[in-house]
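Below you'll find the structure, written out as structure tokens, and then a few comments.
The values are calculated or read from the model by the stated rules, or taken from the named source; none is laboratory data. From a predicted model like this one, the values you see are computed outputs, not experimental measurements. Backbone-built Cβ (ideal geometry, glycine too); neighbour counts: all protein chains shown. For accessibility, only protein heavy atoms count, side chains too; no ligands or nucleic acids. Shrake-Rupley method; radii C 1.70, N 1.55, O 1.52, S 1.80 Å.
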Amino acid sequence: GAAAAQRETKRARLIDMITSSVVRSHAVIKAAAFRSALIAPIISATHLPPAAFRPNHDKVGFSSGAAAASDRPFQILGLQQIAVGSLSKESMSNIWIDVFGISKSGTYKSEKENVDEDILKIGPRGSPYVVEVDLMTPLDPEKSPKVHVPPLNHIGLWVDDLPSAVAWMEGKGVRFTPGGIRKGAAGHDVTFIHPKGNDDAPIGGAGVLIELVQAPPDVIKGWIP
């Protein structure tokens, strides 16, 4: 009798072990199936060939399809500067210098441009890719240009061949501000795209004053297309 009881106990334990194993396996299979059902649509939606994530330079150009990249005799290399304006240089210095901790590297003043500005720089010291921040106040708030209006006055872009860029853009109907190409505050040749187009040159900066800045050789050399 004792031997039979032991055999029955072992058989019951074996049945419990098999049952538990089956239940766990079933749970794992259900969980895996759930994850698969959940993730598969996401993978399917995002499984695009590498080319889908690269810009198609053959399609670069104006919305009218007027120009392909091969037709463009210049390249925009990066952000050269941002310029902000205010009637109070103190208020700009409080945020940009005192709070952000950005160092002032120089100043610039021009009666013709009605500007008194502090020049700040962001980036590794000595790097050609430092971004300039210009804090601008008007010499005379009643005169033009009013460098404090709008407060985010303009952005500057490095370009590898400024004369070619201007000639090409003018041919495409881009409107530039008066003054042509001239020396900017940092000593580089610059010109400005007007915020708004007109009848003669319908393409402007879509509300933004854009400065094009001739890139020096070290910036051009480091450019990776």
If you consider only alpha-carbon coordinates, what radius of gyration and Dmax does the range 67-159 have, in Å? 15.3, 47
For the pair residue 87 and residue 109, the simple spin-label estimate (label points 7 Å beyond Cα toward Cβ) gives in nm 2.1
Calculate, in whole percent, how much of the Cα-Cα pair population of the range 168-225 lies beyond 18 Å. 43
Cβ charges +1 (Lys, Arg) and -1 (Asp, Glu), total dipole of the range 91-225, debye: 160
At a 1.4 Å probe radius, carbon and sulfur cover how many percent of the accessible area of the range 72-140? 53
Excluding same-chain residues fewer than 8 positions from residue 112, which aspartates and glutamates have a Cα within less than 13 Å of its Cα? 140
Given a Förster distance of 45 Å, report the FRET efficiency between residue 125 and residue 71 from their Cβ-Cβ distance, rounded to the nearest 0.05. 0.70
What is the gain in length, in nm to one decimal, between residue 100 and residue 223 on full extension, counting 0.36 nm per residue of separation less the C-alpha to C-alpha distance? 41.4 nm
Can you list, largest first and rounded to whole Å, the semi-axes you get for the range 91-225 by taking the square root of 5 times each eigenvalue of its Cα gyration tensor? 25, 21, 12
